[in-house]
Amino acid sequence: MFELIIRKANLPDGRTGIDIAVENGKIAAVEHQIQASAGTEIDATGRLVTPPFVDPHFHMDATLSLGLPRMNISGTLLEGISLWGELRPSLTQEALVDRALRYCDLAVSQGLLSIRSHVDTSDPRLVTAEALIEVRKRVKPYIDLQLVAFPQDGYYRAEAGVESLNRALDMGIDIVGGIPHFERTMEDGRASVEALCRIAADRGLPVDMHCDETDDPMSRHIETLAAQTVRFGLQGRVAGSHLTSMHSMDNYYVSKLIPLMAEAEINVIPNPLINIMLQGRHDTYPKRRGMTRVRELMDAGLNVSFGHDCVMDPWYSMGSGDMLEVGHMAIHVAQMAGIADKKKIFDALTLNSAKTMGLEGYGMMKGCNADFVVLQAADPIEALRLKPTRLWVIRRGKIIAQSKPRIAELSLDGRPTTIDSGRDYVPMTSS
């Protein structure tokens with residue numbers, strides 16, 4: 001007698017008609033036609049059952065603050081930073097916690113159960129750190145929330161930036177962050193990368209830096225980050241987020257840079273939605289779109305995962321907490337439309353992101369945590385195309401969100417009475 005059995009599931013690896021049994025919050029069996037009963041049974045009816053979605057790059061302290069204190073008229077990165085600077089002095093712990101919890105509710109409904117959020121440490125009050133630490137505690141039963149000490153205004157550039165970041169880490173923030181391209185000079189940026197990697201090595205913490213989020217091909221702090229990663233023995237524990245300058249770098253330099261990143265085992269986190277929205281703003285035409293070299297990085301064996309980055313905040317007025325929306329955009333902007341490409345994109349929203357975050361017990365194998373999302377789609381490729389309804393979201397074997405299938409009713413003479421956009425429009429082959 002199991003706690004839960006999901007029957008007739010399709011798995012991301014291509015297996016079909018699989019039953020998944022759960023006991024004590026763990027996967028007890030993954031096989032065809034499990035001959036047992038359960039307290040709860042779900043008939044997936046040939047739909048995709050996947051591990052939960054993972055967002056390795058987000059800003060939860062700013063989420064849902066769109067319009068405060070005003071709108072970003074230009075829609076640019078720099079005006080967004082300026083707007084956040086205007087809002088920051090009036091932030092309260094209560095308001096920050098409320099907005100973050102509301103976003104976490106949305107995330108659960110989208111099957112997003114692991115998030116890494118950057119936490120601005122530029123204000124010495126550190127109200128953002130206090131609030132997000134409280135949120136981390138409250139959502140622990142249903143979301144794995146990691147926090148990055150992020151000096152938004154620059155580790156050296158911000159007044160008391162060095163002290164504030166160290167105090168945030170002392171408070172219990174999980175990860176060392178940085179933004180070297182926003183320091184006053186290239187040299188200050190280089191020095192900040194070295195200092196922050198030293199802190200991470202001394203404290204035994206991972207690193208996740210906003211790195212080269214610019215169109216300037218001479219912004220090459222990822223090179224420094226890779227070198228310092230090797231110097232301090234941080235291989236596999238460091239992430240470079242955005243890396244948009246790589247879009248503009250010449251191919252010869254990149255041919256040297258990518259092997260250096262591979263040697264350092266850098267985790268790469270592009271953010272497709274916001275990267276193509278904010279980059280290329282100084283161009284007329286031809287106009288760069290700014291997302292980093294996803295295909296080349298994947299082909300070199302680097303772990304590439306995708307972040308949502310922002311939802312309705314000073315930088316990005318859109319967003320829904322749906323990681324399939326992120327992957328859908330990645331397919332287009334990275335021009336990865338092949339079947340194998342799309343499977344890699346789906347992995348970048350799940351398995352790769354779980355690796356970036358160092359999640360334990362993640363996956364669809366026996367012994368893994370019983371965390372699943374049942375989608376109204378047959379396979380990963382269809383999920384990316386449709387961004388379908390999350391029929392069930394399950395955490396440690398317990399249903400924590402549920403939605404009815406999206407079925408359209410038609411009133412057309414001689415035509416079908418209903419349409420299931422997933423089941424009725426599956427291509428001849430998607431595998």
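The values are calculated or read from the model by the stated rules, or taken from the named source; none is laboratory data. This is a predicted model, so every value here is computed, not measured. So basically every Cβ, Gly included, is an ideal-geometry build from the backbone, and we count neighbours across all protein chains shown. Please note that ligands, DNA and RNA were not included when accessible areas were found on the heavy atoms of the full protein model with its side chains. Shrake-Rupley method; radii C 1.70, N 1.55, O 1.52, S 1.80 Å.
Calculate what fraction, in whole %, of the accessible area of the stretch 220-350 sits on carbon and sulfur atoms when a 1.4 Å probe is rolled over the protein chains. Write down the numbers at each step before the final one.
Details: 2550 of 4820 Å².
Within the stretch 220-350, the accessible surface is 53 percent carbon and sulfur.
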Expressed in angstrom and ordered largest first, the alpha-carbon extents of the stretch 282-403 along the principal axes are 52, 34, 27
Over the stretch 141-213, what percent of the accessible surface lies on carbon and sulfur atoms, probe 1.4 Å?
47
With every protein chain kept in place and a 1.4 Å probe, the residues GLU213, GLU163, GLU296 fall, from largest accessible area down, as GLU163, GLU296, GLU213
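Which of the trypsin sites (Lys or Arg not before Pro) found in the stretch 7-84 are in a DSSP loop and have at most 12 neighbouring Cβ atoms, other than their own, within 10 Å? Can you show the working numbers first?
Numbers: sites: ARG7, LYS8, ARG15, LYS26, ARG47, ARG70; in loops: ARG15, ARG70.
Taking the stretch 7-84 and a limit of 12 other Cβ atoms within 10 Å, the loop trypsin sites (Lys or Arg not before Pro) found are ARG70.
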Below 8 Å between Cα atoms, with a sequence gap of 6+, how large is the relative contact order for the chain in percent?
18
Provide the per residue accessible area, probe 1.4 Å, for the stretch 320-391, rounded to a whole number of square angstrom.
35
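What value, in deg cm²/dmol to 500, does the helix sum -39500 (n - 2.57) over DSSP H runs of n ≥ 4 give at 222 nm once divided by the residues of the chain? Each step should come with its number before you reach the end.
On the way: 13 runs with 143 residues, N = 431.
Theoretical 222 nm ellipticity from helices: -10000 deg cm²/dmol.
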With Cβ to Cβ distances under 15 Å as the rule, what net charge do the other residues near ASP371 carry (K, R +1; D, E -1)?
+2
Cα→Cβ-extended label distance, 7 Å offset, between SER411 and VAL333, nm
4.2
DSSP beta bridge pairing in the chain, given as percent antiparallel to the nearest 5
40
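Keeping the other protein chains in place, figure out the carbon and sulfur percent of the accessible area of the stretch 30-131, with a 1.4 Å probe.
Details: 1940 of 3670 Å².
Accessible surface attributable to carbon and sulfur in the stretch 30-131 totals 53 percent.
Would you kindly state how much longer the chain becomes between LYS398 and ASP202 on full extension, computed as 0.36 nm times their sequence separation minus their alpha carbon distance, in nm to one decimal?
66.6 nm
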Taking the dipole of the chain about the Cα centre (Lys, Arg +1; Asp, Glu -1; charges at Cβ), the one of ALA239, ALA100, ILE419 that reaches farthest to the positive side is ILE419
Specify the residue with the greatest mean-square fluctuation among LEU278, LEU375, LEU78, computed from a Gaussian network of the chain linking alpha-carbon atoms under 10 Å apart.
LEU78
The stretch 270-316, accessible area per residue, ligands and nucleic acids excluded (1.4 Å, Å²)
37
Pull up the cross-link candidates among the lysines for LYS366, meaning alpha carbon to alpha carbon under 20 Å and not fewer than 8 places away within one chain.
LYS8, LYS26, LYS355, LYS398
Among GLU263, GLU382, GLU409, which one moves the most in a GNM of the chain with springs linking Cα atoms closer than 10 Å?
GLU409
Counting only protein heavy atoms and rolling a 1.4 Å probe, one gets per residue an accessible area for the stretch 1-78 in Å² of 41
Tell me the angle of helix 221-231 to the major Cα principal axis of the chain, expressed in degrees between 0 and 90 and rounded to the nearest ten.
90
So how strong a dipole does the stretch 240-305 carry about its Cα centre when Lys and Arg Cβ are +1 and Asp and Glu Cβ are -1, to the nearest 20 debye?
340
Percent RCO, i.e. relative contact order, over the stretch 27-106, from Cα pairs under 8 Å lying at least 6 residues apart
35
Pairwise label distance in nanometres, LEU101 with ARG281, each label 7 Å out on the Cα-Cβ vector
3.4
Go ahead and collect, in residue order, the members of the stretch 406-422 whose backbone nitrogen is under 18 Å from a label point 7 Å along the Cα-Cβ direction of ASP43.
406-407, 420
Considering Cα pairs under 8 angstrom that are at least six residues apart, work out the relative contact order of the stretch 1-149 and quote it in whole percent.
21
Build a GNM of the chain with springs between Cα atoms under 10 Å: which of PRO206, PRO416, PRO388 gets the top mean-square fluctuation?
PRO416
